Each structure stands twice: as structure tokens, then as C-alpha cells.
Amino acid sequence: MRRVILYEGFERFWHWSQALLIITMMLTGFEIRGMGLHLFGFQRAVSLHNILAVALVVLIVFAIFWHVTTGEWRQYIPTRKFLREMIAFYLTGIFKGAPHPVKKHRMAKLNPLQRLAYLGFKTLIIPVQVTTGALYYYYPNLQHALHWPASSLWLIAIVHVLSAFGLVAFLIGHAYLTTTGHTPLTNLKAMITGWEDLKDDAYLDEP
């Protein structure tokens, strides 16, 4: 085994900051929608939700820049290699103590299923959330300028909420997969400290 820095400092900062922003936005968003939460009060929830949305967009811009300049964007390129093996592992193998079918590399941190999940998160869920949120916020100006029908606001709100539930599903799945390392806390510790123990052949082999 070789102990290596798998997650860089900015990567960890971006990951936890994004998680905190998204979870808080979910709480404020559900309170705004009247879904049984009473944590901040309606007006404060609205203001906080809007502030967090701007902070998330700023963080996304910096994250995109970091991914492009470091080449880390390649981590999310989909692959069919070992895809069936990963599906079988998560469905049955993990409960039988089967070995993980995919080795983790410095330049291949995600298995095929994780790549697909993160790709959908980054290219579908987040863009839809940001776009519909912006449309909702600026709706009075846009309706006046573009003469949108009143029903368009309902459609924007529905898409925004449905996307939020997709985000909830992603976070639940992500939290579960975090516990599927060598121990239930291995992946969590790695994302906090940056260090992870990799087998020598996994470290040296090409991804």
C-alpha cells in the first residue's frame, strides 16, 4: 500500500463548500415552498436562498476554471469499461464481500457509475437548477420584456422543484456510496484530509 494525496486542497474546499451551499439551499428552498420546514422564516429563507445561489455560481465558475487548467475534467469522461461489473458489484457483490472491480488511480478517482452520476450532476441537474432559479428571480423583468404568459412562471417553478428533488436523490446516493470504501469512513476521511492508501499496482498502473 502507498499513501498518496488523492484530493488536492482546492478540490476538498470546492467539494465541502458546494455541499454546504447546496444543502442549505435545499433547506431554504423547501421552506419557501411550504414543505413543512420552519427554520429561518419565509423572508429570511428567501434572502438567504438568493445569496447562497450567487455564492454557488461563483464557486462553480472557480471550479470550472480549476478543472480546465488542471486537466481534472478528464475524471468525468464516461467509459463503458467495467460498467457492468460495477453495477453487479453495487447490486450484489458488495453485500458478499466481493473485491472492488475497479482500481482507484490518481487520474481515475471515479468508477464508471460515479462518472455517469457526476456527469449528470454537473451537466444536467446543476445547470437546470441555476437556469430556472435565475429565470424565477428575474421573471418580472423577463415577462415584461418578452411578454411571457403568466403560466410560464408555474412551469419554471415546477422544473426548478423537480430538479431540486433530483439533487436530493443525488446527495442520498452520494452519501451512501461514500460508505462503500475499505471501511465505511475511508472515503470520508480521504475527502477531509486528501490522503488515501492505494495499492502499489493501482498507483503505478495507467488508468
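Only the coordinates and a few stated rules stand behind these numbers; no lab work does. Quick caveat, the model's predicted, so the values are computed rather than measured. All Cβ positions, even for glycine, are placed from backbone atoms using ideal geometry, and neighbour counts span all protein chains on display.
If R0 equals 41 Å, the separation of the Cβ atoms of TYR136 and ILE87 corresponds to a calculated FRET efficiency of about 0.65.
Restricting the calculation to Cα atoms, the stretch 2-204 shows an Rg/Rh of 1.03 when the hydrodynamic-style radius is the Kirkwood one.
Taking the number of Cβ atoms within 10 Å of each Cβ as an exposure proxy, the fewest-first ranking of PHE13, PHE42 is PHE42, PHE13. Lysine pairs in the stretch 2-204 whose alpha-carbon atoms fall under 14 angstrom of each other, counting only those eight or more residues apart or on distinct chains, come to 5. Computed from backbone phi with θ = phi - 60° and the Karplus coefficients 6.51, -1.76 and 1.60, the 3J(HN,Hα) list for the stretch 39-47 is 9, 10, x, 4, 4, 5, 5, 4, 4 Hz; x is used for glycine and proline.
Taking the Cβ of TRP66 as the centre, find all other residues whose Cβ is under 10 Å away and add up their charges (Lys, Arg: +1; Asp, Glu: -1).
Local charge sum for TRP66: -3.
The order of LEU37, LEU110, going from fewest to most other C-beta atoms within 10 Å of their C-beta, is LEU37, LEU110. From helices alone, the chain scores -21000 deg cm²/dmol at 222 nm; the rule is -39500 (n - 2.57) for each run of n ≥ 4 DSSP H residues, then divide by the residue total. Taking other C-beta atoms within 10 angstrom as a stand-in for reagent exposure, TYR7, TYR137 fall in the order TYR137, TYR7, fewest first. FRET efficiency for the pair ILE5 and LYS103, taken as 1/(1 + (r/R0)^6) with r the Cβ-Cβ distance and R0 = 22 Å, rounds to 0.80.
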